[in-house]
Amino acid sequence: MYKELNLCLIIIIAAFKGYRSECKITEEQLDNCFHDAMFLGNLDSIVPSNEDEMNHHCSTINGGVNCARDYSASCLTGFPQQVAGMVLTNMGLHMDSRCNKPSERAEFLENVKCFLPKEKMKPLHVCGDKHTKFMEIASKMSKEEAHLAFTCCAYQVFKHCVLTNTIQICSEGHAQYWDEIFEEVASEAVTFACSDFDSVDKCAAKLKPEDWAKIKTIDEATDPAVWAHNMRTPIKFMLEMINKFHMDS
């Protein structure tokens, strides 16, 4: 369930300023990092069903997280780096527990069984694809538009999409398991940066109607052409927003 973790990082960092000119990590390298760290939206990711596959899962995800940490340390400053630090630290702690504590390792393997065969995860990948489209829209907003509120609400709708589809594919109990992961990894950063838009209900009530309509149109769409974006990860749009809203310190 790592696309939601990466996307939380992306939607929050993208709306703020702080990018180091001495950054040495290329956009392509960063794209590969986020792709490796994705569980949702990465069609190459496995749904582990045994210990060997679990080892592969842990190695791949941890490699992506460590690469993202390097990016944060060398390429971000100020508030973006602060928020990224929250998410990445929590991701690291969660992965340490998931991969190295026998009880949590077994719990994860038990909870992903219902995603097998992995083709059953297609609706969850669609949730991720739609979120990337939200990010594309946010990256094209002007400085005067509510880009932060939009990205916060895009995350809330993405989370709701994942949980709703998990109930349909698996059960409410499985959805609760993933909801707890959302909370464990992302809630601190969401509270910090999105306190006015920390639920779908708040977004429906507070986001500008025209912006909420854009999100809902994509969220409710069944035609892939509506959310087509031709990107593997949302990182390109993240970088575009950092550059657009960057202010020299």
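The values are calculated or read from the model by the stated rules, or taken from the named source; none is laboratory data. Keep in mind the model is a prediction, meaning the values are calculated, not measured. Note: ideal-geometry Cβ built from the backbone for every residue, glycine included; neighbour counts use all protein chains shown. These area figures cover heavy atoms from the full protein model, side chains too; ligands, DNA and RNA do not enter into them. Shrake-Rupley method; radii C 1.70, N 1.55, O 1.52, S 1.80 Å.
A count restricted to segment 191-225 and to residues that are open to solvent by less than 80 Å² (accessible area, probe 1.4 Å), among the β-branched types (Val, Ile, Thr) and outside any helix (DSSP H, G or I) stands at 0.
Remark: pairs (first residue in segment 138-164, free of Cβ contacts under 8 Å to residues at least 40 places away in the same chain and more than 16 Å from Ile235 (Cα to Cα); second residue in a helix (DSSP H, G or I) and open to solvent by 30 Å² or more (accessible area, probe 1.4 Å); Cβ separation under 7 Å; 6+ apart in sequence or on different chains) = Leu163/Asp179. Looking at Glu104, Glu119, Glu145, just one residue is more than 28 Å from Cys58 (Cβ to Cβ) and more than 20 Å from the chain's Cα centre (by Cα), and that residue is Glu145. Listed by first and then second residue, the pairs linking a residue in segment 184-205 that is at negative phi to a residue that is modelled with pLDDT of 75 or more and not in a helix (DSSP H, G or I), with Cβ atoms under 6 Å apart and 6 or more places separating them unless they lie on different chains, are Val190/Asp198. Only one entry in Lys101, Lys17, Lys3 is at pLDDT 75 or above and out of contact with any strand residue (DSSP E or B) (no Cβ under 9 Å at 6 or more places or on another chain), namely Lys101. Screening Glu53 against (1) under 21 Å from the mean Cα position of the chain (by Cα); (2) open to solvent by 50 Å² or more (accessible area, probe 1.4 Å) leaves a single unmet condition, (1). Among the residues of segment 71-90, the one identified as closer than 27 Å to Pro48 by Cα and either open to solvent by 50 Å² or more (accessible area, probe 1.4 Å) or of a type in the set (Ser, Thr, Tyr) (or both) is Thr89. Looking across Lys143, Lys159, Lys122, Lys130, one residue alone is open to solvent by 40 Å² or more (accessible area, probe 1.4 Å) and modelled with pLDDT of 90 or more. It is Lys122. Ala186 falls short on exactly one of the conditions (1) in contact with an Asp or Glu (Cβ under 9 Å, 6 or more places away or on another chain); (2) at pLDDT 95 or above; (3) open to solvent by less than 40 Å² (accessible area, probe 1.4 Å), and that condition is (2).
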